[in-house]
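Input: a single structure, listed below in structure tokens.
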Amino acid sequence: MRAAAVSAEPRARPNGWWGMAMLVATEATLFGAIFGSYFYLRFQARAWPPAGIEPPSVTVPLLLAVVLAASSVPMQAASAAARRGNAALARRALLAALAVQAGFFAMQTHLFEDDLARFTPQGSAYGSIYFTMLGAHQAHVALGLLLDLWLLAKLARGLTRYRVVAARAITLYWHFVNVLALLVVGAQLSARI
Amino acid sequence: MRRRPGLETLQWIGLGAGASIWVAQLVIGYGATVARCSAAGPGYGIDLTSWEITLTAVGGAVVLAAEAAAIRVFLRTEGTSYDGAPPDGRRRFFASAAIVGNLLFLGAILLSGLGTLAFDPCRQA
């Protein structure tokens, strides 16, 4: 698709973007319930985390969350490039974002397994909500990676109006997942306070 | 002469009012239950049954109004595809989602209200 054709796209947000906004709203409700449960359980407990479980480490989870949040920049660049009709730049920016996000996913999975070796979801309310919160976020990251791969495959064959909408919608999804990463790590690290 | 709300306003009422009132019912109902069931709760004189009936009735009425708004938008955009260009395509899309979503919110509000009324809220299961 030529740049002129894409730049002629109407300025109003497309329905695909609004559909993603609705999905984000429902997922935000889910995470609102998870955060509510986390702090409800925390303030009912005498010790948080309970005796026998070490408080989570600060540096690595915080660093990972910040790195993932930074992937919003190349995602936004990919979306902007697609809207301008620059498919090559959109692909490169998306690849850069994908590399960061995949790195986060791999590291986070490793940390998740490490945590599972030390305590279990069924062992305590802390373990239950901790793994639910981290697991739910990790599942959203995994879905985002699949969306990235699908979009990359589509962009490899050039731009269409449909693909530009997809790039905008997936970028919105990642902004949400990235903000969520900061909130999840904030809740996770609040156990140290 | 009284002005009637336009389609643009109705689409937002249809899409957002049901979700908003469900959240309000959940949060206010939870707050009232926690206040009533706390150690000092009996001293507050909170009649939980009245609170829940009011919240459920108001919530149900708002969701039904939102459903009516969504159906109106849906009917007024007949012949437009939900994937069509904005604003009509977007209105059709919102109305389609809201018609289904509001039914779910109505179910959630009724179940939440009936559950609180049917069971003793101050005793853990």
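Scanning the range B:76-101 for residues that are more than 16 Å from A:Met20 (Cα to Cα), among the hydroxyl-bearing types (Ser, Thr, Tyr) and without any contact (Cβ under 8 Å) to a residue 40 or more places away in the chain turns up B:Thr80, B:Ser81.
The helices (runs of 4 or more DSSP H) found wholly in the range B:1-112 and carrying at least 3 residues that are aliphatic (A, V, I, L, M) and under 21 Å from A:Thr29 (Cβ atoms) occupy B:7-37, B:48-76. Condition check: touching a helix residue (DSSP H, G or I) at 6+ places or on another chain (Cβ under 6 Å) and either at pLDDT 90 or above or of a type outside the set (Gly, Ala, Ser) (or both). Does B:Arg90 satisfy that? So B:Arg90 fits the description; yes.
Answer with yes or no whether B:Thr49 is touching a residue at least 60 places away in the same chain (Cβ under 8 Å) and either among the small types (Gly, Ala, Ser) or within 14 Å of chain A (Cβ to nearest Cβ) (or both). Spelling it out, it is not the case that B:Thr49 is touching a residue at least 60 places away in the same chain (Cβ under 8 Å) and either among the small types (Gly, Ala, Ser) or within 14 Å of chain A (Cβ to nearest Cβ) (or both). Taken together, B:Ala17, B:Ala39, B:Ala32 contain a single residue that is touching a residue at least 12 places away in the same chain (Cβ under 8 Å) and either under 24 Å from A:Met20 (Cβ atoms) or within 14 Å of chain A (Cβ to nearest Cβ) (or both), which is B:Ala17.
Of the residues A:Trp18, A:Trp48, which single one is away from every other protein chain (no Cβ under 14 Å), farther than 17 Å from A:Ala181 by Cα and surrounded by 17 or more Cβ atoms within 10 Å (Cβ to Cβ)? Steps first, answer last, please.
Details: A:Trp18 fails: away from every other protein chain (no Cβ under 14 Å).
Criteria check complete, one pass: A:Trp48.
Determine whether B:Ala98 is touching a Leu at 6+ places or on another chain (Cβ under 6 Å) and within 14 Å of chain A (Cβ to nearest Cβ). Against the criterion (touching a Leu at 6+ places or on another chain (Cβ under 6 Å) and within 14 Å of chain A (Cβ to nearest Cβ)), B:Ala98 qualifies.
Of the residues contained in the range B:55-73, none is found to be crowded, with 16+ Cβ neighbours inside 10 Å, at pLDDT below 95 and not aliphatic (A, V, I, L, M). For the range B:77-95, the set of residues classified as surrounded by fewer than 16 Cβ atoms within 10 Å (Cβ to Cβ) and away from every other protein chain (no Cβ under 11 Å) consists of B:Glu78, B:Gly79, listed by residue number. A:Arg157 fulfils the conditions (1) in a helix (DSSP H, G or I); (2) loosely packed, with under 15 Cβ neighbours inside 10 Å except for a single criterion, (1).
For the range B:111-125, check the following and say yes or no: at least one residue is within 14 Å of chain A (Cβ to nearest Cβ), farther than 28 Å from A:Pro14 by Cα and at pLDDT below 90.
Of the residues in the range B:111-125, the ones within 14 Å of chain A (Cβ to nearest Cβ) are B:112, B:124.
Then drop every residue that is not farther than 28 Å from A:Pro14 by Cα, which leaves B:112, B:124.
When the remaining residues are screened for being at pLDDT below 90, the result is B:124.
Among the residues of the range B:111-125, at least one is within 14 Å of chain A (Cβ to nearest Cβ), farther than 28 Å from A:Pro14 by Cα and at pLDDT below 90, which makes the answer yes.
The values are calculated or read from the model by the stated rules, or taken from the named source; none is laboratory data. Being a predicted model, the structure only gives us computed values, none of them experimental. Neighbour counts run over all protein chains shown; Cβ positions are idealised from the backbone, glycine included.
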